[in-house]
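Enquirer: What follows is a single structure, and I will ask about it in a moment.
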Amino acid sequence: MPVDIAVSGERDTFVTRRSGALDGEVHIGGAKNSVLKLMAACLLAEGRHVLANVPHISDVSLMCELLEAMGVTVTRADHRLVIDVPAELNTEAPYHLVERIRASIVVLGPLLGRFGTARVALPGGDDFGPRPIDMHLRALESLGATFSTAHGDISGTAEVLRGSEVVLEYPSVGATENVLMAAVRAKGRTRIVNPAREPEIGDLVEFLNQMGARIGWSGDRLTVDGVERLAPAPSGDGFRVIPDRIEAATFLAAVGMCGGSVFLRHAVAEHMTMLIRKLTEMGMHIVVEDAGLRATVTQRLASADISTLPFPGLATDYKPFLVSMLTTASGVGIVTENIFTGRFRYIDELRRMGADIRTEGHHAVVRGVERLSGAPVRAYDIRAGAALVVAGLGAEGETEIAGAAHIDRGYEDLAGKLAGLGASITRRRNAAGASVAAS
Ligand code: EPU
């Protein structure tokens with residue numbers, strides 16, 4: 001395989017100890033949840049596409065594998081991807097890849113848009129609970145696609161896609177992306193009512209427009225005028241993926257947990273307005289600068305209530321870090337999860353570290369304790385894993401977080417970046433059982 005991939009050992013762990021105040025600068029990389037969709041968008045046009053500021057994470061490696069299985073050639077050097085898309089593609093996404101990366105469902109829209117046919121394995125549920133794609137399918141059906149399922153695959157066909165009004169009953173990120181990437185090649189105008197408005201959607205719109213699409217916002221609707229053909233975006237140094245607001249949130253939480261003062265280079269304040277407000281309410285001092293954000297914490301944080309919502313609300317992806325911070329904040333915080341109601345599994349792990357948390361349905365009541373106590377715990381998904389790392393930095397003694405591979409799906413060298421700020425964290429390569437300094 002021509003792609004240089006560093007996928008972690010399945011059994012690696014992170015080992016943290018209570019850390020003093022963090023200090024220094026951390027570089028925020030490109031956004032996982034943007035780059036995966038930009039890679040899918042490349043399927044819409046034959047030729048050479050170049051993406052820059054691509055994070056070195058295993059989800060990108062898996063998406064490379066998926067594109068390669070379709071006949072695309074991907075080369076990865078440093079933080080760039082060169083994606084060569086041929087005239088003909090295999091329009092099938094097989095189960096053994098789809099089950100490892102759910103974001104792969106976003107190949108459905110571009111394949112239907114360009115070839116009028118696609119067969120994608122149905123993603124199953126995961127640790128967040130069921131992950132349906134009904135809204136993706138209804139939205140694509142509004143453009144004229146038809147679907148059938150057999151043997152665990154969903155097959156879509158569309159002789160002609162026709163622009164129409166697509167109403168999303170909920171602003172699903174994935175459904176918005178799929179319908180956008182089909183509508184750019186449909187005949188006529190599509191209006192998407194109630195689209196997702198996450199910054200990563202903005203990045204996809206910009207990328208598609210650079211490929212020749214005609215997409216605009218009118219109020220909070222998206223209007224797409226279909227075009228006959230698309231071409232790779234003019235490359236230059238490559239299309240630069242936006243910075244990862246979730247990675248930035250992780251480092252903000254680490255400062256919240258340990259105290260100190262850290263500059264987050266490239267973090268974009270407008271992508272995190274609600275988060276910055278919430279953290280300020282909890283007692284963090286955050287200053288917005290041209291090149292990023294500076295976060296300073298000099299005292300114990302105060303609890304706050306948290307309720308997740310689609311953008312511009314507080315993202316569900318921030319919630320695990322916020323819960324970690326609440327475990328040692330003064331007072332009681334009530335957390336309400338409105339997006340993925342099953343996204344509370346890591347709370348049992350935090351309880352093993354001495355956190356005082358009660359859950360009831362999609363609510364959690366977090367009563368801050370003086371200090372967490374290090375324990376062996378397990379990461380079940382990317383953000384939960386990073387939240388346990390954050391908690392471990394504030395816990396007395398040693399915390400060993402199993403499931404580093406989950407964290408590697410979305411973070412480039414999390415341990416190395418935290419260690420660079422003075423945090424006490426190492427990666428334990430498990431085959432040999434030896435502890436190695438984070439790099
Ligand atoms: N939903 C449906 N039907 C659908 C689609 C979604 O019921 O057809 C429901 C989901 O079950 C969920 C809610 O709608 O309850 C939101 O789902 P959405 O489609 O907005 O999310 P997604 O596209 O599956 C992306 C991110 C997630 C992030 C969510 C919400 C990627 C690859 N994933 O998922 O990120 O939490 O948006 O912002 O972009 C992560 O990075 O760790 C991660 C999970």
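The values are calculated or read from the model by the stated rules, or taken from the named source; none is laboratory data. Every value quoted in this text rests on a predicted model; they were computed, and no experiment measured them. Heads up, the Cβs are rebuilt from the backbone with ideal geometry, glycines too, and the neighbour counts pull from every protein chain shown.
Enquirer: Report the residue count in region 138-180 for those that are under 18 Å from A41 (Cα atoms) and within 13 Å of the ligand (Cβ to nearest atom).
Expert: Final tally of qualifying residues: 11.
Rundown of residues vs (1) under 22 Å from the mean Cα position of the chain (by Cα); (2) β-branched (V, I, T); (3) over 27 Å from D23 (Cβ atoms), yes/no style:
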residue: L208; (1), (2), (3): yes, no, yes
residue: V224; (1), (2), (3): no, yes, yes
residue: P232; (1), (2), (3): no, no, yes
residue: V255; (1), (2), (3): yes, yes, no
residue: C258; (1), (2), (3): no, no, no
residue: T273; (1), (2), (3): yes, yes, no
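Enquirer: To continue, here is another question. Give the number of residues within region 288-305 that are in contact with a strand residue (DSSP E or B) (Cβ under 8 Å, 6 or more places away or on another chain) and in a loop (DSSP other than H, G, I, E, B).
Expert: Total meeting the criteria: 7.
Enquirer: Yes or no: F344 within 16 Å of the ligand (Cβ to nearest atom), in a loop (DSSP other than H, G, I, E, B), surrounded by 22 or more Cβ atoms within 10 Å (Cβ to Cβ) and not β-branched (V, I, T)?
Expert: yes
Enquirer: Now for a different question. Checking G113 against (1) surrounded by fewer than 21 Cβ atoms within 10 Å (Cβ to Cβ); (2) in a helix (DSSP H, G or I); (3) away from the ligand (no atom under 12 Å from the Cβ); (4) not hydroxyl-bearing (S, T, Y), which test does it fail?
Expert: Only one criterion in (1) surrounded by fewer than 21 Cβ atoms within 10 Å (Cβ to Cβ); (2) in a helix (DSSP H, G or I); (3) away from the ligand (no atom under 12 Å from the Cβ); (4) not hydroxyl-bearing (S, T, Y) is unmet by G113, namely (1).
Enquirer: When you look at E200, is it crowded, with 22+ Cβ neighbours inside 10 Å and either among the basic types (K, R) or at pLDDT 95 or above (or both), yes or no?
Expert: yes
Enquirer: Quick test for you: out of E360, E398, E337, E412, pick the one residue that is of a type outside the set (F, W, Y), away from the ligand (no atom under 16 Å from the Cβ) and either surrounded by 15 or more Cβ atoms within 10 Å (Cβ to Cβ) or at pLDDT 95 or above (or both).
Expert: None of the others qualify; the one that does is E398.
Enquirer: What residue, of L275, L180, is in contact (Cβ under 8 Å) with a residue 40 or more places away in the chain, in the same structural domain as V297 (by TED's automatic domain parsing) and of a type outside the set (S, T, N, Q)? Break it down into steps so the answer makes sense when it comes.
Expert: Working: L180 fails: in the same structural domain as V297 (by TED's automatic domain parsing).
Being in contact (Cβ under 8 Å) with a residue 40 or more places away in the chain, in the same structural domain as V297 (by TED's automatic domain parsing) and of a type outside the set (S, T, N, Q) holds for just one of L275, L180, which is L275.
Conditions (1) under 26 Å from A295 (Cα atoms); (2) in the same structural domain as R114 (by TED's automatic domain parsing); (3) assigned to a loop (DSSP other than H, G, I, E, B); (4) within 16 Å of the ligand (Cβ to nearest atom), marked per residue:
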{"residue": "T190", "(1), (2), (3), (4)": "no, yes, no, no"}
{"residue": "A196", "(1), (2), (3), (4)": "no, yes, yes, yes"}
{"residue": "V205", "(1), (2), (3), (4)": "no, yes, no, yes"}
{"residue": "N209", "(1), (2), (3), (4)": "no, yes, no, no"}
{"residue": "W217", "(1), (2), (3), (4)": "no, yes, no, no"}
{"residue": "E228", "(1), (2), (3), (4)": "no, yes, yes, no"}
{"residue": "T250", "(1), (2), (3), (4)": "yes, no, no, yes"}
{"residue": "A254", "(1), (2), (3), (4)": "yes, no, no, no"}
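Enquirer: Specify the residue that is surrounded by the most Cβ atoms within 10 Å (Cβ to Cβ); the eligible residues are those in region 306-334 that are part of a loop (DSSP other than H, G, I, E, B) and within 14 Å of the ligand (Cβ to nearest atom).
Expert: A315
Enquirer: I'd like to check something: does region 84-101 contain any residue that is within 12 Å of the ligand (Cβ to nearest atom) and in contact (Cβ under 8 Å) with a residue 60 or more places away in the chain?
Expert: Yes, region 84-101 has at least one match.
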